[in-house]
Each structure stands twice: as structure tokens, then as C-alpha cells.
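Please read the structure below before turning to the comments.
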Amino acid sequence: MHPENKHEKLILKPIHRPTTSDRILWFILGGIFLLGLSAWVRQYVIGLGVTGLNRPVYWGVYITNFVFFIGLAHSGTFISAILRIAGQGWRKPLTRAAEAITLFSLPFGVASILADMGRPERVFNIIFFGRYQSPILWDFTAVGLYFLSSIVFFYLSLLPDIALCRDRLTNAPDWQRRMYEILALGWQGHPEQFHRLEKVLDGMAIFMTMLVVTVHTVVSWMFGMTLQPGWHTALIGPFFLLGAILSGTAAVVIALAILRKVYKLEEVLHIGLFNSIRKLLITFTLGWIYMMIAEHLTIGYGNMKEEMVVLLDKFTGTYATIFWSMALLVFGLPVLILIFKAKNNIGWMVTASILINIGMWLERYIVIIPSEVSPRLLPVMGQGIYLPTATEWLITAAWFAGMFLLYTTFTRFFPIIPIWETAEHLPEIEPEGARVAQTAPTGD
Amino acid sequence: MDISSLVYAFFNTPGVGGAVILTIFTGACLIYVYLTRWILRGGRK
Amino acid sequence: MPRWGMVIDLDKCFACQSCTAACRMENNTPIAGPDQAILGRAILWNEVLPFLEGEYPLVHATMIPRPCMHCDNPPCTAVCPVRATYKNEEGIVVVDYQRCIGCRMCTVACPYAIRYFNWFPPEWPQALKQHLNPDPEVAPRPKGVVEKCTFCIQRLHRAREKAAAEGRTFQATDYMPACVQTCTGHARYFGDLDDPNSLVSKLSHSPRAFRLLEELGTEPKVYYLKQG
């Protein structure tokens, strides 16, 4: 038994044999990815000296990417878990597109860390010799559990649709049908199965929400737990979290707009969805500027020597250009666009979202680098310098290309709009509104 | 053994952190496998 | 158990850099070369830093020789995910090069920036290569790991072995890092801070004594005696 969804054909349409343009796209993305991979191999052989890193700027673009990718990953959980708990029914068509961002950006967050390590082959020392006082262990736990849970959350909500693919897409190549057969785990679409699935997803949503808060806070504590000026602040956790949800939600807009256009899904991904996200984005950019002001005003007013060096370096010094462009990209422009232009206008929504994401990457950069450039012993050590090299940019490009590659490939083999969640009728059970709230297992 | 040295040992002994991670991951896997099977069992008598 | 510490008298130091050179020869720190040094990649376990106050012509310069502070409360060891760096029972902060994963969290956490990362495999000009310290404890470190001043811990081990071989008890005065031994102006003192009769212990209580970034609570075991 399968859910009845009047858009079923439309949603399944993108699942067909890869076209020439698909192949070209995959080829380009795969090429960039392989190029970056070979840059990494070269870096591994020669040493991290091929990057622009030095003393005291020990962390650079790789760690920026790590924070950014983990931030992007917050999109899916925000849209599907937090909005699920809040009972926001409008989220349904876009849950999977959002969760897919989570799923495909997390591995590249991890890969960014691996690229940053001087001895990536010793990564399992963290298991053999891990000591829990280190924030890196907290990261390892939080990001690992988040990744694992995201896979499960994603996979479970995909199950009914895989079964549907298995039964409907009989023209697909053999291997593809076998894949659906195996992945569907013998799903029959019994009403009780749907009922239990909803229950588990509800429960997991609560757990995922806790995880999402934990993950990005813990990521920020890699910086916050040190004594470095500019990092050692309690606000860094919430600030990172808010930034993550902001950039994640903006990424969802970009993904949705592309999917809508390329796969002609206008009917399912209607403009109303974008208008709903627009309100969220306005809230988050305002939240972001609030945190920004709170943090910098506290530091500036306190006027402590070492902290001020970093602050002034951002406001008027070496990093002024990046700092002020960031403020403009994350807040100034998007807030104006979102309030005055973006209603009922997907083009403007996408513009604002792209600006936000570029700005958020710069924000991660501007949090990390200036603090390292001006260490506490600045008067005796002198200011550090950091200029990322081609290797760093190549690996960055590769990780982003890898993420797009996974995403585009996924959309060719699985429905990117959840068919069962947007269905008018699930087999013999009431629509969601009538469901009785129950305490469900939380998954841990 | 007093509690503070236990806490110190927990946070500082190499390997303990790894064991914590493994325990959490294994526990999560078991729960997720159980939940998946529970969902799929739905409607089968 | 001794608690090793160092006192550096800034009145006596005239920034001759012999400590830096002696450290390099004793500990086999690789040569980065001028183009890498300008990028901030030079590995100098001991460094003599100029601390300039005021502007020309009213300028006051203090030269501060800076080994590892060997903090009693080290921020670097706290963040190590694998206990590759730790404070040993005698208060010396050391690195296990075989275990270090190269995440560089310790280098970021150290407020004194005294921890160095091997950006490349170690290299020496041919002439220097022949004069590497043969002690296996200071064998050149591989690329991708962190290294730092160890108060020449290999000298401590050799001194203990020597005392044992000679059938006498090890004395704190048997052991001295290379920078202390070589110091031209006799500006450096080394010994057991816990021994109230030791010179370092007495000097560390001198009214001239101060430590770098004392306000952070890292409790460095390197004391400076103020100039003047």
C-alpha cells in the first residue's frame, strides 16, 4: 500500500537515467573533487607547509570550512526536526531537501578536519588514547552522533518513498531496482508501519534538536575553551549556533530554488514556502546582529588590552575589509532585501541567501583568524600573517564540489520531495492533525 | 578513592574518552536498529 | 620529586642568542631557512624576544629569552585529545611524537605560542647534519607533529643514569638544560623550585621576580628577574 499523492508523477519525474547534462555536471564536480583530493595527497606527502598556516596562525581555512560545513548541516535538522516539534505543517515538502544538505555537508566537515591534521593517519588515536578533557573529544562525540542520527532520521523518513520507488519505477535499470529492493527493507506501507514511523520521527526530532544545539556549541568550544583574546567568551556557543541555523536555512532556500527550477517542481515547492522561510531568515539575521552587537560592545566597553587589539584589528585594521563586508553580507543587505524585496520573489530570496552564506563563511574566518594573528604576547612576538594558498583553496573547492556532487546524484535516484509526507492520504490513517501526541522513544 | 580523583581520572586517562565515544556510538546504533525493526514490524502479526 | 624551574635574570642577559643556538644543537630543531622563517615557520624552542616600550627617542627595550614556561597549570595539555602532550611528574611538559595527531589544538591554546609544528619533514644543511645530537631522545621529529622545549629532558635522563652508574644519589645540580649551561652572562638559573634551599627557589621569591602573563593563572615555572 502506498500513500496517495496527486503530485507523485511530478516528484518521481527527475528520477530517470542520467542525461548528458547530468554527466557533464558530475564530470565537472567530480573533476574539481579529484583535483582537491590530489592537492590533499600532495599536502600529505610534502607537509602542511604547503598551506599558508604558520605560527601563530595554526588554524586557517580548513577549520573555517569545518565550522561552516557543520553550520550548513543545521539546515536539515532545523527544518525537519525543530519545525516538526513546533507542528509547522508547511515544512513537509522541503524536509528532505533540507535534510539532504545536512547529510551531505557533514562528511565534508569531517573531511575538513582530516585535511587540517598533520597526521591524518593517526586519527584513530582519538579512540585508542582519547581523553575526555579535550574539546576535540566533545566534537568527535557530538559530530559523530549527529551524523549517525541524521543518517537514521533521513533514512527512516525516506523508507516509504524507497518502497514506492521499488514498486513504481519498474523501468529502472536492474541494479537500481535491486538497490530500492534492498534499501526498502521490505516496507509494505501498512498503516501501523506509518503510525510507528511517525512516532519514532517525532521522538527523534526532540533528540535531534538537542543534538543540533550541542553540536555547534561544542564546535565553538574548540575556540571558547582556550584563553585566546576574542575566543574566550561564553557567547561564542550561542553565537555559533545562531549563525549555523542562519546559514543552514539560507542554504535550504538556495537548494529549493535550484530544485524547483531544474526539476520543474513549481507546483510542490510553491512560493508560499519561500515566504515562510523569508520570515525565519529575517528573524535569524536580526538575531545575528543582536549577538554581534552584544559580543563586540561587551569587549569594546571592557577595553581590556589584549581583547582590544583583536577588536580594533577587525574594526579598523588588517581585517576591517572582511569584517565590514561580512556585516554587510550577513545583515545589511539581506535584511533590506528580505524585508522589502523578497516577498513573492524567489530571485531576491536566493540573492539574499547567497549573500548570507558568503557572509557566514567570512564570519567564521573573521572569528578564527584575527584572534590567532594577535596572540597575547603580541608586543613581543609581533603580529602574525596568514594568506591561504592555492592548496587550501583547491581543497575547499573540492569539498564543496563533493557536497554538490552527492546532492545532485542523490536527487537522480531518490525523490527529493517526501511523497508520503506530502500525501493527501496515507493508507488508512488519519491526517496528521488528528494524531494524538504521545511520548515516543527519543533514540537515546 | 575519593570522587575528585575519579573525575580527574575519567577526564584525563587516555583511552577512557575513546571508550566513552564507542559506548555512545554503539548504544545509539543498537537503539536505531531496534527502532527501525520496530517500525517495520508494524502491522505484522 | 623535584619540580624543575628556571629563573632568568634580565639584568644579566645581553641577548647574545647563545641559548637559542645551544638549544638548537642540543635538541636537533630543524632549520627552516629564511623564506620559511619570514612566514613564521622557524622552530626555535628557545627564542630571545625584544619587548619594546615607548617610541623613538623615548624607547625602552627589554630582551626576553623565552623557553617553554612549563606551566604548573598548562592550558596546552588540557586540550590534547590523545594525551600526546602532558606534564610529567616532575612538572616538565613533554610531547609524545609517536602519538601526536597534529591537530594543533595545543599550539592554539598556549598563550605564549611556545609550541611549534613541523610544517615539513626536518631538514639541515649538510654541514649541520653531521653535528646532530646523537641522543635518540632528541631524534629529529617527523613532519606533522608538534614539538617544544622540554628543559632538555634527555639531559635529566642521562644525568640520572650517570649518577646511578657512579653509585651516588642524583642531585638537582647534576642536571642543567643546554641554554642554562651555555648562557654567556650567567643569566639563567635552573633547579628544583620545591627545594627551599635551591638558588632558583630563592630567586623566584625575589622582589624582582615576575612571570609572563601571570594573570592568566597558568603558573609558569620560568621566572624572570626584572631589569633595573
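The values are calculated or read from the model by the stated rules, or taken from the named source; none is laboratory data. Remember, it's a predicted structure, so these values are computed and weren't measured experimentally. Ideal geometry is used to build each Cβ from the backbone, glycine not excepted, and the neighbour counts take in all protein chains shown. When the accessible area is computed, the model is the full protein with side chains, heavy atoms only, and any ligands, DNA or RNA have been set aside. Shrake-Rupley method; radii C 1.70, N 1.55, O 1.52, S 1.80 Å.
Of the numbered criteria (1) in contact (Cβ under 8 Å) with a residue 12 or more places away in the chain; (2) within 21 Å of the chain's Cα centre (by Cα); (3) open to solvent by 10 Å² or more (accessible area, probe 1.4 Å), the one residue A:243 fails is (3).
Among the residues of the range A:192-219, how many are acidic (Asp, Glu) and either crowded, with 19+ Cβ neighbours inside 10 Å or away from every other protein chain (no Cβ under 13 Å) (or both)?
The first filter runs over the range A:192-219 and keeps only residues acidic (Asp, Glu), leaving A:192, A:198, A:202.
Still in the list and also either crowded, with 19+ Cβ neighbours inside 10 Å or away from every other protein chain (no Cβ under 13 Å) (or both): A:198, A:202.
Here the count works out to 2.
Entry remark, the range A:38-50: residues being under 17 Å from residue A:388 (Cα atoms) and more than 8 Å from every other protein chain (Cβ to nearest Cβ) number 6 in total.
There is no residue in the range C:22-38 that is open to solvent by less than 30 Å² (accessible area, probe 1.4 Å), under 23 Å from residue C:218 (Cβ atoms) and in contact with a strand residue (DSSP E or B) (Cβ under 6 Å, 6 or more places away or on another chain). The residues in the range A:394-444 that are at pLDDT 90 or above and either open to solvent by 50 Å² or more (accessible area, probe 1.4 Å) or among the small types (Gly, Ala, Ser) (or both) can be counted, and the count is 7.
Name the single residue that is most open to solvent (accessible area, probe 1.4 Å) among those in the range A:321-373 being touching a Lys or Arg at 6+ places or on another chain (Cβ under 7 Å) and part of a helix (DSSP H, G or I). In this case the residue turns out to be A:348.
Please go through the range C:192-216 and pick out each residue that is farther than 18 Å from residue C:46 by Cα and in contact with a strand residue (DSSP E or B) (Cβ under 8 Å, 6 or more places away or on another chain).
Scanning the range C:192-216 gives C:192, C:193, C:198, C:199, C:200, C:201, C:203, C:204, C:206, C:208, C:209, C:210.
Taking first residues from the range A:376-398 that are acidic (Asp, Glu) and partners that are open to solvent by less than 30 Å² (accessible area, probe 1.4 Å), the Cβ contacts under 7 Å between residues at least 6 apart in sequence or on separate chains come to A:392/A:51; A:392/A:52; A:392/A:60; A:392/A:61; A:392/A:62. Of all residues in the range C:60-70, those that are open to solvent by less than 30 Å² (accessible area, probe 1.4 Å) and more than 14 Å from the chain's Cα centre (by Cα) total 1.
Table: residues versus (1) open to solvent by 10 Å² or more (accessible area, probe 1.4 Å); (2) modelled with pLDDT of 95 or more; (3) assigned to a helix (DSSP H, G or I).
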| position | (1), (2), (3) |
| --- | --- |
| A:133 | yes, no, no |
| A:140 | yes, no, yes |
| A:144 | yes, no, yes |
| A:156 | no, no, yes |
| A:161 | no, no, yes |
| A:175 | yes, no, yes |
| A:179 | yes, no, yes |
| A:188 | yes, no, no |
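Return a yes/no flag: does the range C:2-19 have any residue that is among the small types (Gly, Ala, Ser), touching a helix residue (DSSP H, G or I) at 6+ places or on another chain (Cβ under 9 Å) and within 10 Å of chain A (Cβ to nearest Cβ). Checking the range C:2-19: not a single residue is among the small types (Gly, Ala, Ser), touching a helix residue (DSSP H, G or I) at 6+ places or on another chain (Cβ under 9 Å) and within 10 Å of chain A (Cβ to nearest Cβ). In the set A:99, A:121, only one residue is within 12 Å of another protein chain (Cβ to nearest Cβ), open to solvent by 10 Å² or more (accessible area, probe 1.4 Å) and acidic (Asp, Glu); that residue is A:121. For the range C:178-201, a residue qualifies if it is of a type in the set (D, E, K, R) and surrounded by 15 or more Cβ atoms within 10 Å (Cβ to Cβ), and the qualifying residues are C:188, C:192, C:194. Among the numbered conditions (1) of a type outside the set (Ser, Thr, Tyr); (2) closer than 24 Å to residue A:232 by Cβ; (3) more than 7 Å from chain A (Cβ to nearest Cβ), the only one that residue C:54 does not meet is (2). Within the range C:25-43, no residue satisfies the criterion of being acidic (Asp, Glu) and in a loop (DSSP other than H, G, I, E, B). Looking only at residues of the range C:71-95 that are more than 9 Å from chain A (Cβ to nearest Cβ), out of contact with any Pro (no Cβ under 7 Å at 6 or more places or on another chain) and in a loop (DSSP other than H, G, I, E, B), we find that the one that is surrounded by the fewest Cβ atoms within 10 Å (Cβ to Cβ) is C:89.
Looking at A:182, A:236, A:258, just one residue is in contact (Cβ under 8 Å) with a residue 12 or more places away in the chain and more than 10 Å from every other protein chain (Cβ to nearest Cβ), and that residue is A:236. Among (1) open to solvent by less than 20 Å² (accessible area, probe 1.4 Å); (2) assigned to a helix (DSSP H, G or I), there is one condition residue A:268 misses while meeting the rest; what is its number? Only one criterion is unmet by residue A:268, namely (2).
Residue-wise test of (1) more than 9 Å from chain A (Cβ to nearest Cβ); (2) open to solvent by less than 50 Å² (accessible area, probe 1.4 Å).
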{"residue": "B:2", "(1), (2)": "yes, no"}
{"residue": "B:5", "(1), (2)": "yes, yes"}
{"residue": "B:11", "(1), (2)": "no, no"}
{"residue": "B:14", "(1), (2)": "no, yes"}
{"residue": "B:17", "(1), (2)": "no, yes"}
{"residue": "B:22", "(1), (2)": "no, no"}
{"residue": "B:32", "(1), (2)": "no, yes"}
{"residue": "B:41", "(1), (2)": "no, no"}
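Quick check: anything in the range A:77-92 at pLDDT 85 or above, open to solvent by 10 Å² or more (accessible area, probe 1.4 Å) and within 30 Å of residue C:117 (Cβ to Cβ)? No. Can residue A:60 be described as in contact (Cβ under 8 Å) with a residue 60 or more places away in the chain, within 14 Å of chain C (Cβ to nearest Cβ) and among the small types (Gly, Ala, Ser)? When the stated conditions are applied, residue A:60 passes them.
Results for (1) part of a loop (DSSP other than H, G, I, E, B); (2) among the hydrophobic types (A, V, I, L, M, F, W, C); (3) closer than 23 Å to residue A:197 by Cα, shown as yes or no for each residue.
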residue	(1), (2), (3)
B:5	no, no, no
B:9	no, yes, no
B:19	no, yes, no
B:27	no, no, yes
B:32	no, no, yes
B:38	no, yes, yes
B:43	yes, no, yes
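Is it the case that some residue within the range C:133-145 is of a type in the set (Asp, Glu) and buried (at least 22 other Cβ atoms within 10 Å of the Cβ)? Checked the range C:133-145: no residue is of a type in the set (Asp, Glu) and buried (at least 22 other Cβ atoms within 10 Å of the Cβ).
Of note, residue A:25 satisfies the criterion of being of a type outside the set (Asp, Glu) and more than 14 Å from chain C (Cβ to nearest Cβ). Touching a residue at least 24 places away in the same chain (Cβ under 8 Å) and open to solvent by 40 Å² or more (accessible area, probe 1.4 Å): is that true of residue A:167 in this structure? Spelling it out, residue A:167 is indeed touching a residue at least 24 places away in the same chain (Cβ under 8 Å) and open to solvent by 40 Å² or more (accessible area, probe 1.4 Å). Kindly indicate whether any position in the range C:44-59 is open to solvent by less than 30 Å² (accessible area, probe 1.4 Å), of a type in the set (Gly, Ala, Ser) and not in a strand (DSSP E or B). No, because not a single residue in the range C:44-59 is open to solvent by less than 30 Å² (accessible area, probe 1.4 Å), of a type in the set (Gly, Ala, Ser) and not in a strand (DSSP E or B).
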